[in-house]
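These notes are about the structure you will find just below.
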Amino acid sequence: MAQDSDDFDWVSAQATCNTTTMFERLRTQVQADVLRRNGLFGRDDGMRFAVHDSEDEEEDAFEVSRLEGTGPSPRVTALVVFARVGKRIHITSEDFELDLTAIVTLDPAGACRFVVGEAIYSEWEIRRMALELMFFEEREDEE
């Protein structure tokens, strides 16, 4: 999708590259990631994951929780929060060293991407940075 020609319509591309759209795409893709992780065979670690929208109606946010235990009240053992605040997306966790702030922009190829610090990331990379440790944490009791 490289936009090498001088007639690339960057104005239309930029108009659709906004935080609201990218946050909703992120929410949809994270839900799919959670379904895939919950469906993995051969992982007998007793962990399940769930996505929940924020209970605060004034906040555009959702969270991914790691649940352990069975029955009607599994324990939440980790939480990652995704929040859209103005033109920024904050991804945080108090359970891991996770504190990302992303903005969205067009990359040199004309694709809408996330920027964290000075680095440009694709959508799957942001999701991996946010969820990899929670999904695949190797705990000491597994050795």
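All of the numbers you see were taken from the coordinates with simple rules; none came from a lab. Computed from a predicted structure; not experimentally measured. All Cβ positions, even for glycine, are placed from backbone atoms using ideal geometry, and neighbour counts span all protein chains on display.
Can you compute the helix-only [θ] at 222 nm over the chain? Use -39500 (n - 2.57) per DSSP H run of at least 4 residues, normalise by all residues, nearest 500 deg cm²/dmol.
The per-residue figure over the chain is -9000 deg cm²/dmol.
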- Most mobile of R88, R128, R36 in a GNM of the chain (Cα contacts under 10 Å): R36
- Item | Highest-MSF residue in the chain out of S93, S12, S65 [GNM, Cα springs under 10 Å] | S12
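Among residues other than I91 whose Cβ falls under 11 Å from its Cβ, what is the net charge (Lys/Arg +1, Asp/Glu -1)? Walk me through the numbers before you get to the answer.
Working: positive: R84, R88, R127; negative: E63, D99.
Charge balance near I91 sits at +1.
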- Query: For the pair A13 and W124, how long in nm is the line joining their label points, each one 7 Å along Cα→Cβ?
  - Reply: 2.1 nm
- Item | Most mobile listed residue (V115, V76, V30) in the chain, GNM with C-alpha springs under 10 Å | V76
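Taking K and R as +1 and D and E as -1, what net charge do the other residues with C-beta under 13 Å from the C-beta of A119 add up to? Please report the intermediate quantities before stating the final value.
On the way: positive: R113; negative: D107, E118, E125.
With Lys, Arg at +1 and Asp, Glu at -1, the neighbours total -2.
Return the inverse of the average 1/r over all pairs of distinct C-alpha atoms in the chain, which is the Kirkwood hydrodynamic radius, in Å to one decimal.
Values: mean 1/r = 0.0598 Å⁻¹.
That comes to 16.7 Å for the chain.
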- Residue by residue through the stretch 10-20, which ³J(HN,Hα) values in whole Hz follow from phi under the Karplus form 6.51 cos²θ - 1.76 cosθ + 1.60 (θ = phi - 60°), with glycine and proline marked x? 5, 5, 5, 4, 5, 5, 9, 9, 9, 5, 4
- Item | Proximal charge balance of T70 [Cβ under 15 Å; K/R count +1, D/E count -1] | 0
